[in-house]
1. Consider a paramagnetic label point 7 Å from the Cα of Arg133 along Cα→Cβ; state which residues of segment 83-107 have an amide N under 16 Å from it.
2. Looking at the chain as a GNM with Cα springs under 10 Å, which of Ile286, Ile78, Ile222 has the largest mean-square fluctuation?
3. In nm, give the distance between the simple-model label positions of Val328 and Asp203, each being 7 Å from the Cα along the Cα-to-Cβ direction.
4. For segment 179-252, report the convex hull volume of the alpha-carbon atoms normalised per residue, in Å³, without decimals.
5. Hey, any idea what % of segment 237-332's accessible area is carbon plus sulfur with a 1.4 Å probe?
6. Above 22 angstrom, tally the Cα pairs of segment 237-332 and express them as a % of all pairs, no decimals.
7. Using 7 Å Cα-to-Cβ label points, what is the Lys168/Lys317 separation (nm, one decimal)?
8. To the nearest 10 square angstrom, how much accessible area does Glu23 have with a 1.4 angstrom probe?
Amino acid sequence: MNEILILEKVIKKYGNVTALNVERLGIEQGTYNVILGPSGAGKSTLLRTVAGLDYPDSGKIILDGKDITNKPAWERDIGLVFQNYALYPHLTVYDNIALPLTVKGFKKEEISERVMQIVKVMGIEEHINKYPRQLSGGQQQRVALARAIIKQPKLLLLDEPLSNLDAKVRVELRSYLKTIQRQLNITALHVTHDQSEAMAIADNLVVLNGGAVDQVGSPKDIYENPKTVFVSTFIGMLNIIPASTFRINDGYDAVGFRPENADIFEDDGDISGTVKYVEYQGEETIVYIAVGDNTVRIRDRQSRFFESGKKVNIKIKKAFAFKDGKVVKSILF
Ligand code: ADP
Ligand code: MG
């Protein structure tokens, strides 16, 4: 274990809003970490305090063993990528990428060598003499990425780097990001509100809720073993029904289950419901079923179609039991 970045008791307030309140967060060297949370959860504030664009009111930030809490941004060994590319429009791609080295006074030959090396790795060689406006959004973001990593920073911070791109480019670029990160053994901290992006790319997910870290873990661990109601509903789909609707009733507030963790039967089952409608999605259908006052979604791998109004029964295979906002038990049937 080698934690390259540690946040300890970091608190940041704006007036009476606590934007960030992190008890402890450790980031392993060479891993891809995604900070995930809804709008206003404190994701950008976290990234900005690590970057030195903002300072915490209290707490400590340690980078590679050194306390950087009060260091200015330019003294931190960090690369930054934002949503809006932030390239210099009057500079060519080459000069944009070279800039961090130019301002540091690197020799011309060394700059050229490093720029050519990075554009090759990034697959943007053919664009080096163009200006940003001559590039697509996805290409511009590759240039921004190259500029952020040319100094080989200890940490790469990305704030919603894919959010300005259209869906197809977004998916392309996210696998590209992961490939580059692996290839160059970068430690990345990537902020997004998009859970499918987060799941796809993260070694490690950090789920933020109201400025605090709700849960940290691999996407699979968090999906399968969420610790709070917030995490269980924010990551993936979850159906929630009152505990009284279901046969287990040990003082739980409610019971939640994933669409793939239940089956639909025409005769027997644990819970009865009425089909509202069916969404056809190719290899599966999502069947919306009214259960009491709730609507639950069930994934049907046989892609069956059910008429609206049809009475069906549901058997649950795995459920989470909730009490006071926490998942207190995971139950297999
Ligand atoms: P996210 O990036 O997850 O959407 P932010 O970190 O931007 O969230 O914001 C967290 C909270 O802090 C929000 O309630 C936001 O309104 C508040 N906040 C962020 N920056 C400022 C600021 N400069 N001044 C006042 N409030 C801010
Ligand atoms: Mg933000």
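1. The answer is 86-93, whose backbone nitrogens lie closer than 16 Å to the label point.
2. Taking springs between Cα atoms under 10 Å, the residue moving most is Ile286.
3. If labels sit at Val328 and Asp203, their model points lie 3.7 nm apart.
4. On the way: hull volume 8.1 nm³, N = 74.
Per-residue hull volume (Cα only) is 109 Å³.
5. Working: 2280 of 4980 Å².
In segment 237-332, the share of accessible area belonging to carbon and sulfur is 46 percent.
6. Details: 1094 of 4560 pairs.
Across segment 237-332, Cα pairs with separations above 22 Å total 24 percent.
7. Simple spin-label model gives 3.5 nm for this pair.
8. 120 Å²
The values are calculated or read from the model by the stated rules, or taken from the named source; none is laboratory data. What you see is a predicted model, and the numbers here were worked out from it, not measured in a lab. We place every Cβ from the backbone using ideal geometry, glycine too, and count neighbours over all the protein chains shown. Quick note on the areas: whole protein, heavy atoms, side chains included, nothing else; ligands and nucleic acids left out. Shrake-Rupley method; radii C 1.70, N 1.55, O 1.52, S 1.80 Å.
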